[in-house]
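Undergrad: Encoded as structure tokens, here's the structure I'll be asking about.
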Amino acid sequence: MADSSTQVRPGGRSAKVRAAVHRAVAELLAEEDAETLTLPAVAARAGVHPTTLYRRWGSAAQLLNDVATSRFTGDLVVPDSGSLAGDLQRWLADVVTDVADPDTLALMRATIGSGPAGGCACVEDRHRQLGAIIRREQDRGGTALDVETAADFLLGPLYYRAIFTPEPASADWARTLVSTYLATLRTP
């Protein structure tokens, strides 16, 4: 018999509660400031008892991290255009579209504001996607690139613009960012 503490139940009550709680967080963030997000408010919206949330997540910050990790994991397909420039341009344009969504932006701001782990929840999968693009370029015989440097150059300005400024990013702006990044790689 399997140890019940290590079993993962992909369906059933746990999955339904998690889905309802995640939906409640998204709805509350769309309606109110992140500062008003509390576990009792989420529980009331989700139709569950607050102790369910405290037992599973412990705090609003941990809940936001879980929602962000779920939201940002696997949501973008890593393009394969045949070139590094094409892959980066398509991927960054998709990221621009994603972060331009008001609900996504509200979740990002709330999660980042919840503590140091919040930023990681918002960018962890983006780093994996960028890593896949860079590994594919290396498999093609291209230049070995550093994922962290590429993320700093490409995601840093995009996330800064999305989170801290009222000026939205565009696909054209993202293409310029990619072109500038690739030009720096050619400069000795």
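The values are calculated or read from the model by the stated rules, or taken from the named source; none is laboratory data. These numbers come from a predicted model, not from an experiment. Using ideal geometry, Cβ is built from the backbone for each residue, glycine included, and neighbour counts are taken over all protein chains shown. These area figures cover heavy atoms from the full protein model, side chains too; ligands, DNA and RNA do not enter into them. Shrake-Rupley method; radii C 1.70, N 1.55, O 1.52, S 1.80 Å.
Undergrad: Please state the shape class of the range 12-71: rounded when a/c is under 1.5, otherwise prolate if a/b exceeds b/c and oblate if not, all from the C-alpha gyration tensor. Walk me through the numbers before you get to the answer.
TA: On the way: a/c = 1.38, a/b = 1.29, b/c = 1.07.
It is rounded, given that a/c, with a ≥ b ≥ c, falls under 1.5.
Undergrad: What does the charge dipole of the range 41-188 about its Cα centre add up to, to the nearest 20 debye, if the Cβ of each Lys and Arg holds +1 and the Cβ of each Asp and Glu holds -1? Could the numbers behind the result be given before it?
TA: Details: 14 positive and 17 negative charges, 63 e Å.
About 300 debye.
Undergrad: Here are several values of Cα extents along the principal axes in Å: (i) 59, 49, 24; (ii) 63, 33, 29; (iii) 47, 38, 32. Which one was derived from the coordinates shown?
TA: Computed from the coordinates, Cα extents along the principal axes in Å corresponds to (i).
Undergrad: 222 nm [θ] for the chain, helices only, -39500 (n - 2.57) per DSSP H run of 4+, per residue, to 500?
TA: -23500 deg cm²/dmol
Undergrad: Residues of the range 63-171: accessible area per residue at 1.4 Å, in Å²?
TA: Details: 5000 Å² over 109 residues.
Per-residue value: 46 Å².
Undergrad: Of the heavy-atom accessible surface of the range 84-186 (probe 1.4 angstrom), what whole percent is carbon and sulfur?
TA: Numbers: 2780 of 4950 Å².
Carbon and sulfur together cover 56 percent of it.
Undergrad: Step through the residues of the range 55-61 one at a time and calculate ³J(HN,Hα) from phi using the Karplus curve (6.51 cos²θ - 1.76 cosθ + 1.60, θ = phi - 60°), rounding each to whole Hz and writing x for Gly and Pro.
TA: Here the 3J(HN,Hα) series is 5, 7, 10, x, 7, 5, 4 Hz.
Undergrad: Choose one of A46, V178, T97: the residue whose Cα lies farthest towards the positive end of the charge dipole of the chain (beta-carbon charges +1 Lys, Arg; -1 Asp, Glu; about the Cα centre).
TA: A46
Undergrad: Is the shape of the range 124-170 best called rounded, prolate or oblate, per the rule: a/c under 1.5 gives rounded, else a/b larger than b/c gives prolate, else oblate, with a ≥ b ≥ c the square roots of the Cα gyration tensor eigenvalues? The partial results should precede the final answer.
TA: Values: a/c = 2.99, a/b = 2.71, b/c = 1.11.
Prolate, since a/c reaches 1.5 and a/b exceeds b/c.
Undergrad: Determine the sum of side-chain charges near Y160: Lys and Arg each +1, Asp and Glu each -1, restricted to other residues whose C-beta is under 13 angstrom from that of Y160. Walk me through the numbers on the way to the answer.
TA: Working: positive: R109, R161; negative: D152, E167.
It works out to a net charge of 0.
Undergrad: Quick one: net charge of A61's neighbours, Cβ under 15 Å, K/R +1, D/E -1? Intermediate values should be presented prior to the final figure.
TA: Details: positive: R56, R109; negative: E35, D66.
Result for the local shell: 0.
Undergrad: Further, regarding this structure: Please work out the Cα center distance from the range 88-153 to the range 23-79, rounded to the nearest Å.
TA: 21
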